[in-house]
Amino acid sequence: MKIIKGGLCSVDGVKASGVRKGKYGMALISNPGSKAAAIFTSNKVLAAPVIVTREHIQDGEISAVVANSGNANCFTGEPGLRDSREMAEKLAEKLNITPQEVGVSSTGVIGREMPMEIIGELIEEGFDALEHSAKASANAAKAIMTTDTYYKELSVETTLKDGNKVRIGGICKGSGMIAPNMGTMLCFITTDIQATPQELESSLKKAADESFNMVVVDGDESTNDTVLIMANGKSGKIDENFQKALNFLCIELAKDLARDGEGATKLIEVTIKGAYNKEEARKAAISVVKSPLVKAAVFGSDPNWGRIVAAVGYSGARMDPEKISVILSSDSEEVNIVDQGKVKAFENTEELHLAEKIMQKEEIKIVIDLGEGNDSATAFGCDLSCNYVKINAEYTT
């Protein structure tokens, strides 16, 4: 497997575009004749586009996506549903496909009426700009940004067991309101794999469980989360090599979400080892990366092991304080600050000085061995800075 250029458009036959007008952005993606699968937010407050896309993907066929930023079209009742359906109809008419073949997504402020005149103009402009190019994919990624500070895309190529080469391209957005079970995030993935909708759904769930469902920025879960994959079947049949590549792509995009958390200055990667089972490993990893106290300590470059072990303690995972070990690492440096229940990083120790040095880095890994079993899991997050409060205090003004 290797990383390649092109994003969504690294896949043969895919066209994309991204345009903006003021605070509103519009991304269009076309991958004709595709089988599809999607995962959505588990929030009981569902945005209109989530409801519509759920309906459209029931038959496992989605060939295009229309996604806007600047308005979430959530908590907007029947008018919001009409607006989402109108978005699908407008793009379908342009592409000469049925509205049911179009996935719809929105991101932005909740509870505001959709400015359909502007949205319609952006769909027209976006359709005229559709093309198969790396620039077009990047423009689509930029169009769905809200509080993101940079656009997020990745594409990879791998060789299947049958010898065929397959490509996967993805773009996503997300910066705040991100918690396990996805967050205020949209992710669109294109590929040329041959697969049934059921196979795609299974593969996407496996990848999401290792990536988007293991990300925490602030612990709030959005109303609009959507991860959608479209496969046009131009390459070989789905296999475990494809799964590995999809997992890699989703994990790297998930790390980008955490790295770009609102107000974030550091990326945190928490790995739990030696857990009793996989579920408990996931619980413990998420508990640590979600802890406001741990996140604040990371922001302050404080190797506060007490907050880390406390977060594991209330996670619900089986643990014994006399067995737990905690290692901090970044780049080529690492230090064991707790070793099987014994604290190593006391005041004036070499371990504490090295831990303080590591905590000043932009990417910090925390490895926690529970000594209870053989399962592991990794979660991704960011520090909690003063700027997070400022960004969200002023979000709708």
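List of remarks:
- Looking across the range 188-215, the residues that are at pLDDT 95 or above, open to solvent by less than 10 Å² (accessible area, probe 1.4 Å) and part of a strand (DSSP E or B) come down to Phe188, Ile189, Thr190, Thr191.
- Test for Leu28: is it of a type outside the set (S, T, N, Q) and buried (at least 19 other Cβ atoms within 10 Å of the Cβ): yes
- Test: residue in the range 95-109 that is within 25 Å of the chain's Cα centre (by Cα), in a strand (DSSP E or B) and without any contact (Cβ under 8 Å) to a residue 60 or more places away in the chain: yes
- Across the range 259-273, the number of residues qualifying as open to solvent by less than 10 Å² (accessible area, probe 1.4 Å) and not in a loop (DSSP other than H, G, I, E, B) comes to 4.
- Breaking point among (1) of a type in the set (Asp, Glu); (2) under 27 Å from Ile193 (Cα atoms); (3) without any contact (Cβ under 8 Å) to a residue 24 or more places away in the chain, for Asp59: (3)
- Yes/no for Asp225 being of a type in the set (D, E, K, R), open to solvent by less than 10 Å² (accessible area, probe 1.4 Å) and more than 30 Å from Leu160 (Cβ to Cβ): no
- Among the residues of the range 11-56, those that are hydrophobic (A, V, I, L, M, F, W, C) and farther than 23 Å from Arg112 by Cα comprise Val11, Val14, Ala16, Ile29, Ala36, Ala37, Ala38, Ile39.
- Residue match in the range 286-307 (condition: among the polar types (S, T, N, Q) and touching a Phe, Trp or Tyr at 6+ places or on another chain (Cβ under 8 Å)): yes
- Failed item, numbered, when Ile51 is tested on (1) out of contact with any Ser or Thr (no Cβ under 6 Å at 6 or more places or on another chain); (2) of a type in the set (A, V, I, L, M); (3) open to solvent by less than 30 Å² (accessible area, probe 1.4 Å): (3)
- Looking at the range 305-397, the helices (runs of 4 or more DSSP H) lying wholly inside it that each contain 1 or more residues that are open to solvent by less than 40 Å² (accessible area, probe 1.4 Å), without any contact (Cβ under 8 Å) to a residue 12 or more places away in the chain and within 15 Å of Lys295 (Cα to Cα) sit at 305-313.
- Criterion violated by Ala285 - all others in (1) part of a helix (DSSP H, G or I); (2) of a type in the set (Gly, Ala, Ser); (3) surrounded by fewer than 18 Cβ atoms within 10 Å (Cβ to Cβ) satisfied: (3)
- Residues of the range 159-172 that turn out to be surrounded by 23 or more Cβ atoms within 10 Å (Cβ to Cβ) and farther than 17 Å from Lys15 by Cβ, as a count: 2
- Test result for Glu117, of a type in the set (Asp, Glu), over 25 Å from Glu61 (Cβ atoms), surrounded by fewer than 24 Cβ atoms within 10 Å (Cβ to Cβ) and in contact (Cβ under 8 Å) with a residue 60 or more places away in the chain: no
- Looking only at the range 288-298, and only at residues there that are surrounded by fewer than 19 Cβ atoms within 10 Å (Cβ to Cβ) and of a type in the set (A, V, I, L, M, F, W, C), the one that is farthest from Arg318 (Cα to Cα): Ala296
The values are calculated or read from the model by the stated rules, or taken from the named source; none is laboratory data. Computed from a predicted model, the values in this text were never measured in an experiment. Ideal geometry is used to build each Cβ from the backbone, glycine not excepted, and the neighbour counts take in all protein chains shown. Heavy atoms of the whole protein, side chains included, go into the accessibility calculation; ligands, DNA and RNA do not. Shrake-Rupley method; radii C 1.70, N 1.55, O 1.52, S 1.80 Å.
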